[in-house]
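Data first, discussion second: the structure below is written as structure tokens.
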Amino acid sequence: MNINQNQFEILVYVEREGGKKLTQRQMAEGTKLSLGVVNKTLAELVSYGLVTVDEDREVQITKTGLDALEPYRVKRAVVIAAGFGSRMVPITLNTPKPLVRVHGKKIIETLLDAVAEAGIPEIVLVRGYLGEQFDVLKDRYPNIKFLNNPMFNESNNISSVLIAKDYLAGSYVMEADLLLANPRVVRKYEYCSNYLGEYRDMTDDWCFEVKKGLIRKLNVGGTNCYHMFGISYWSKEDGKRLAECVEKTWKMPGGKEKYWDEVPLRTFQKEFEVAVRPCEAGDLVEIDTFKELKQIDPVYAMQ
């Protein structure tokens with residue numbers, strides 16, 4: 001059964017929150033849809049037999065509803081964790097940046113715990129610098145598969161995605177050094193290829209120009225734009241296309257120096273339609289420098 005995106009968002013919310021008394025207002029807040037759209041869409045889903053609402057307002061997704069979501073299930077998370085993290089020296093001299101602890105927890109664990117909570121069945125982690133240290137994750141995340149990137153020190157992060165090219169279809173691609181505060185930004189289902197972004201009046205960092213919900217331009221610095229966060233999802237079709245385009249870019253002059261995100265959002269932009277998936281301030285944090293680490297976690301202040 002084909003469903004539209006509004007129906008998808010409500011179904012995903014009910015699948016995660018189902019079995020509770022849910023008001024339409026709660027659904028609107030949880031899905032970022034208007035109250036009118038929620039009311040209309042919920043009535044559609046009930047009429048199609050995809051959800052049920054009892055007299056106590058307890059909302060449940062039905063087997064038919066779960067079947068409708070199945071084509072949108074995320075197959076895996078590809079985690080890019082190969083880099084050195086030079087701006088985090090001295091802490092990264094002996095520890096890969098994703099394994100640095102913040103308030104007692106490894107940065108990468110905030111992502112991997114969210115992946116596990118969402119029920120995503122497979123994790124593929126591309127490692128490079130001090131790669132053997134990531135072995136410790138195997139005990140906590142037995143579904144993790146390691147790929148080794150011997151080129152991490154002589155190319156940009158496009159090399160990591162090139163190594164993981166066979167795993168991109170139907171998958172998240174995540175930067176491993178994001179400190180995730182809101183695990184709900186990682187979901188069991190995704191409707192279309194998308195990139196996580198936070199609306200900003202102004203930013204000096206990587207950002208998207210967006211029109212009608214689609215990313216139209218990738219910039220460094222901008223106004224009235226979406227600050228780019230390194231969590232994206234690629235549909236089955238787009239993931240296969242992305243793998244091909246990454247290979248083509250790698251072989252181009254200067255291709256090894258590119259960030260992988262530039263492939264679908266610049267070099268081969270015409271071949272992709274990528275939506276922005278809005279997140280809120282505080283959902284996740286980028287710790288780029290050792291100074292920022294000390295500000296977030298006082299335990300490092302004396303170092």
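The values are calculated or read from the model by the stated rules, or taken from the named source; none is laboratory data. Every value quoted in this text rests on a predicted model; they were computed, and no experiment measured them. Using ideal geometry, Cβ is built from the backbone for each residue, glycine included, and neighbour counts are taken over all protein chains shown.
Of the residues that make up the range 286-299, is at least one modelled with pLDDT of 95 or more and either assigned to a helix (DSSP H, G or I) or basic (Lys, Arg) (or both)?
No - not one qualifying residue is present in the range 286-299.
From the list GLU154, GLU175, the lone residue that is in the same structural domain as LEU93 (by TED's automatic domain parsing) and buried (at least 19 other Cβ atoms within 10 Å of the Cβ) is GLU175.
Restricting attention to the range 210-236, which residues are over 25 Å from ALA176 (Cβ atoms) and either touching a residue at least 40 places away in the same chain (Cβ under 8 Å) or in a strand (DSSP E or B) (or both)?
Selection gives VAL210, LYS211, GLY213, LEU214, ARG216, LYS217, GLY222, THR223, ASN224.
Taking THR267 as the residue in question, decide whether it is under 23 Å from ARG76 (Cβ atoms) and touching a Ser or Thr at 6+ places or on another chain (Cβ under 7 Å). Taking the combined requirement at face value, the residue does not satisfy it.
Within the range 178-222, being of a type in the set (Asp, Glu) and surrounded by fewer than 19 Cβ atoms within 10 Å (Cβ to Cβ) holds for ASP201, ASP204, ASP205, GLU209.
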